[in-house]
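S.K.: Pasting in a structure now, in structure tokens, and then I'll have a few things to ask.
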Amino acid sequence: MANPVLIVGSIALDDVRTPHGEVRNAMGGSAVYASLAAAYFTRPGVVGVVGRDYPKEYIGRLEQAGVDTSGLEGQDGQTFHWSGYYTDDMSSAHSLETHLNVFAEFMPKIPATARSAPYVFLANIDPDLQRLVLDSVSKPKLVMLDTMNYWIEKKKPALLDVISRVNLIVLNDAETRQLTGFSNLIRAARWLSDLGPQGVIIKKGEHGALLFWEGEWVSLPAIPLESVKDPTGAGDTFAGGFIGALAKLDDLSLSALRLSAALGTVMASFVVEDFSVGKLTNLSREEIRQRHDRLRQLTIFEALPEAWWAGR
Ligand code: AMP
């Protein structure tokens, strides 16, 4: 039987520098962050390619977390490599180098057992690869797509084509403005959903996330954090937590999507507290539960009695 979630995206070795330190050849890539986050709620299968230089220990960490890595392909050559840095304002990454390496020629082969996965996440990767995956899955309940400025600049027509075929698109605020040309995010989300998707999620970093689903809006804050060491992967972790939770709920109502977005927010709040996937590989259920409760406390406010509205 297929795993409940199929995740396709980059598997990377990352060099990252922030005002709090730096790491080299660290575990990174959109599919890695997303599958580690999803694995707290369900069993995700990951499809992607790694080069000969990819440490076996990293595959071991994915397996140990409960990610099915049988869809990972090894090829001669170097693993996808990204390097970037953040300044004091850690709201956006500055990319230094993106070496696609083995991803440049990659043709995703979806294992026969994974083709019927009900939930599919096309994480950030070449939109042509996202389309190939979409062509090989059979009638999923929901397909969600993520992307980034690199692909918006290089492959916009292919990206718009694949967006028109998915149910849900997840982007950060800067990418949304860049892709749509609208500075107003509400208008941008409507424009995106007019292309075909039923839903749009706009991530706003420390300012939370907006969810637009079949004409309804949900707005969630981020959990206030005193220590942010490395924001890399926050968006992918949000998306992975979201789709993992949604697959576990197996429900496409607005309330299930809102709860999944809350759990994505919770998972993202952990990943930024350490470099790479450091915090994501050893969380306890209790820690996740406490942050879920904290996010609820942050967003609940009282209903008012009729008398309040009647007088001053
Ligand atoms: P995020 O911070 O959530 O936007 O994602 C950061 C991750 O995206 C890093 O681990 C990178 O390896 C990966 N990444 C960076 N550039 C690209 C790209 N052009 N395509 C796919 N993944 C990328």
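S.K.: Less than 12 Å apart at the alpha-carbon level, and either on another chain or at least 8 residues along: which aspartates and glutamates does that give for LYS203?
M.R.: Those aspartates and glutamates meeting the cut-off are ASP146, ASP173, GLU175, ASP236.
S.K.: Still on this model: Distances longer than 18 Å among the Cα atoms of the stretch 35-134: what percent of all pairs is that?
M.R.: 56
S.K.: Among PRO127, PRO224, PRO197, determine the one that fluctuates most according to a GNM of the chain built with springs between C-alpha atoms less than 10 Å apart.
M.R.: It is PRO224.
S.K.: At 7 Å along Cα-to-Cβ for each site, give me the label-to-label distance between ALA303 and ASP53 in nm.
M.R.: Taking the simple label geometry, ALA303 and ASP53 are separated by 6.0 nm.
S.K.: When a/c reaches 1.5 or more, the comparison of a/b and b/c decides; with that in mind, is the stretch 180-237 rounded, prolate or oblate per its Cα gyration tensor?
M.R.: prolate
S.K.: Tell me, what is the per residue accessible area of the chain in Å², probe radius 1.4 Å?
M.R.: Normalised by residue count, the accessible surface of the chain is 46 Å².
S.K.: Okay, moving on. Ranked from highest to lowest mean number of other Cβ atoms within 10 Å per residue, what is the order of the peptides 293-303, 260-270?
M.R.: Top to bottom by mean Cβ count within 10 Å: 260-270, 293-303.
S.K.: Hey, any idea what Rg/Rh is for the chain, computing Rh the Kirkwood way over Cα pairs?
M.R.: 0.97
S.K.: Relative contact order, percent, of the chain when contacts are C-alpha pairs under 8 Å separated by at least 6 residues?
M.R.: Contact order relative to length: 17 percent.
S.K.: Oh, and also: If you take the beta carbon distance between SER227 and ARG24 as r and set R0 to 22 Å, what does 1/(1 + (r/R0)^6) give as a FRET efficiency, to the nearest 0.05?
M.R.: 0.50
S.K.: I'd like the trypsin sites (Lys or Arg not before Pro) in the stretch 50-128 restricted to DSSP loop residues with at most 14 other Cβ atoms within 10 Å, sorted by number.
M.R.: Sites meeting the loop and neighbour criteria: ARG52, LYS109.
S.K.: Please list PHE182, PHE41 in order of solvent-accessible area, largest first, computed with a 1.4 Å probe with all protein chains present.
M.R.: My answer, sorted largest first, is PHE182, PHE41.
S.K.: For Cα pairs less than 8 Å apart in space and 6+ apart in sequence, what is the mean separation divided by the residue count of the stretch 149-301, i.e. the relative contact order in percent?
M.R.: Reported relative contact order: 17 percent.
S.K.: Keeping every protein chain in place, order HIS20, HIS292 by accessible area at 1.4 Å, biggest value first, i.e. largest first.
M.R.: The most accessible residue leads, giving HIS20, HIS292.
S.K.: Then there's this: Need one number: % antiparallel among DSSP beta bridges in the chain, to the nearest 5.
M.R.: Roughly 40 percent of the beta bridges in the chain run antiparallel, per DSSP.
S.K.: Rounded to whole Å and sorted largest first, what semi-axes of the equivalent ellipsoid does the C-alpha gyration tensor of the stretch 80-214 yield via the square root of 5 times each eigenvalue?
M.R.: The equivalent ellipsoid of the stretch 80-214 has semi-axes of 24, 21, 13 Å.
S.K.: Let me ask something else about it. So if each residue of separation counts as 0.36 nm, and I subtract the Cα-Cα distance between LEU195 and ARG312, what length gain in nm does that give?
M.R.: Contour length minus the Cα-Cα distance gives 37.5 nm.
S.K.: Still on this model: Quantify how much of the Cα-Cα distance distribution of the stretch 148-286 extends past 18 Å, in percent.
M.R.: Percentage above 18 Å: 56.
S.K.: Express the relative contact order of the stretch 174-251 as a whole percentage, based on alpha carbon pairs under 8 Å and six or more residues apart in sequence.
M.R.: For the stretch 174-251, the relative contact order is 15 percent.
S.K.: Count the DSSP beta bridges whose two residues both fall in the stretch 114-214, then state the antiparallel fraction as a percent rounded to the nearest 5.
M.R.: 30
S.K.: Another one. Want the number for LYS154 to LEU252: 0.36 nm per residue separation, take away the alpha-carbon distance, what's left?
M.R.: Taking 0.36 nm per residue and subtracting the Cα distance, the gain is 32.0 nm.
S.K.: Can you give the translational diffusion coefficient of the stretch 1-86 in µm²/s, computed by Stokes-Einstein from the Kirkwood radius over Cα pairs at 37 °C and 0.692 mPa s?
M.R.: Translational diffusion coefficient: 248 µm²/s.
S.K.: How far is it, in nm, from the label point at SER219 to the one at ARG115 when both lie 7 Å from their Cα along the line to the Cβ?
M.R.: 4.5
The values are calculated or read from the model by the stated rules, or taken from the named source; none is laboratory data. Note that the structure is a prediction, hence the values are computed from the model and not measured. Note that each Cβ is placed from the backbone with ideal geometry, even for glycine, and that neighbours are counted across all protein chains shown. With ligands, DNA and RNA removed, areas are computed over all heavy atoms of the protein, side chains included. Shrake-Rupley method; radii C 1.70, N 1.55, O 1.52, S 1.80 Å.
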